[in-house]
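Some notes on the structure that comes next.
A short reminder: the numbers here are calculations on the coordinates, not readings from a lab. All values derive from a computational prediction rather than experimental measurement. Virtual Cβ from ideal backbone geometry, glycine too; neighbours counted across all protein chains shown.
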Amino acid sequence: MKKQLILSLAVMVTFFSFAQKKELKMLEKAVKNNNYAEAKTAASGLESMVDSMDDKMKDKYYFNKAKAYFANGAGSNQDVMEAVKSLKNLKENTKYKSELAELNQLMQNDFLQKANTLYTNKKFKEAAMAFENLHSIVPTDDSYLYYAAVSAVNAQDFDLALKHYSKLKESGYTGVETVYYATNKETGEEEVLSKATRDLYVGKLKTHINPGTRETESRTAEITKNVALIYVNQGKTDKALAAIKDARDADPNDTALIITEANVQLKLGNNEAYSKLIKEATEKEPNNKDLLYNLGVLSAEAGNIDEAKAYYEKVITLDPNYANALTNIAALILEGENKIVKEMNGLGSSAKDDRRYDELKGKRQDLYKSAIPYLEKVLDLDNKNTDVVKTLMNIYSAINQNDKAKALKIKYGL
């Protein structure tokens, strides 16, 4: 009786092993024939048998299941995540090692293209998911998690963005990368290349000269700023300021972090703390044109128009071709029109009111004239800026310089 029982068990094990092999062959065949729906069904049918498989069979199952769910790029986000999960179960010394590397690269390229397309088309929610999936495929590359966070911010999904940013901070991610470059002899232009390509062009092919390296800017301040602003948005101001404090303790000389704190204090209505931080930032880098420009933006947002103009003017002194500062100072000047128009509209029809109307009209003309040099300079720097063109046309018409307005209209076909 005992021998009969042992024999029965052996028959059952043999039959079970045969069933596994048969199902695995069906899965493998469906994958090879690109019949991914059938392959997914076969993979699902094998799930209950996985624990009893030997290592070789398990590798075959997990590898083909991954291919079935990836479906050569046609799988849904959920299916692709199932494919990624399946690949993680493969043994380190799997016989599919080379094929695994090829599949991983294929999945990476596919998701990178999809993620970039989604982001470019401003489908930020979907882009955030795609970049997150991409990070699952290449967990060693935190830049994908960074882009998932940025996409989530643009999608206004602040909880998701905060989750990604928190992981980035925990991993010590800075975003700093080494860029390799060399100058193309034929064009005279600097080109950014991979290290191997640059060394080949400079050393063997001699097509490039002046090789060099530089570090990209750290993203730490940006991440800290966004974390802080998310906390402010959520009403968690204590956490916002704590996030900035941690970053500033690590790098007390980072003016970008000082500006971030100033911005948070401004949003909280702490004008005294804001002013103190602004002063600290300018003392550290009095001739940093980008810093001064950002201070101008912050001052304008705070309603300190004269202060904003002063910052923009200093930027222009340091760099006469700083287009954004030129544009913003012109915009600030033109904003002064609102007050003049409001008073003009409130006047009556008395002789005194008529005289005041003429005075205000003259002020309005002077205001227009003072904005012209800045706008003309912007147009010199960027002759495709149609918004500036239209603004200049309107100003020229308002101050009776119709020839200039007509010339712009003809030139730009407006």
Just to be sure I understand the model, the point goes 7 Å from the Cα along the line to the Cβ. What's the resulting residue 331 to residue 236 distance in nm?
3.1 nm
Based on C-alpha coordinates, I'd like the Rg and Dmax of segment 26-95, in Å.
11.2, 31
Rounded to the nearest 500, the 222 nm mean residue ellipticity computed for the chain from DSSP H runs (n ≥ 4, each -39500 (n - 2.57)) alone is -23500 deg cm²/dmol
For the pair residue 414 and residue 214, how long in nm is the line joining their label points, each one 7 Å along Cα→Cβ?
3.4 nm
Could you list which residues have their amide H under 5 Å from that of residue 285, counting only those 5 or more apart in sequence or on another chain, with H placed in the peptide plane?
none
Quick one: check the C-alpha center-to-center distance for segment 205-275 versus segment 337-390, whole angstrom.
38 Å
For segment 314-414, just list the percent of Cα-Cα distances falling in each 10 Å bin from zero outward, please.
14, 40, 29, 13, 3
Ordered by packing density, taken as the mean number of other Cβ atoms within 10 Å over each peptide's residues, highest first, how do 103-113, 325-335, 79-89 rank?
325-335, 79-89, 103-113
How high is the FRET efficiency between residue 347 and residue 305 when r is their beta carbon distance and R₀ equals 35 Å, given to the nearest 0.05?
0.90
Where does the chain land on the Kirkwood hydrodynamic radius, alpha-carbon pairs, in angstrom?
27.6 Å
Between helix 255-267 and the chain: long-axis angle, C-alpha atoms, 0 to 90°, nearest 10:
70 degrees
Can you give me the long-range amide H partners of residue 319? Hydrogens built in the peptide plane at 1.01 Å from N, cutoff under 5 Å, separation of 5 or more residues or another chain.
none
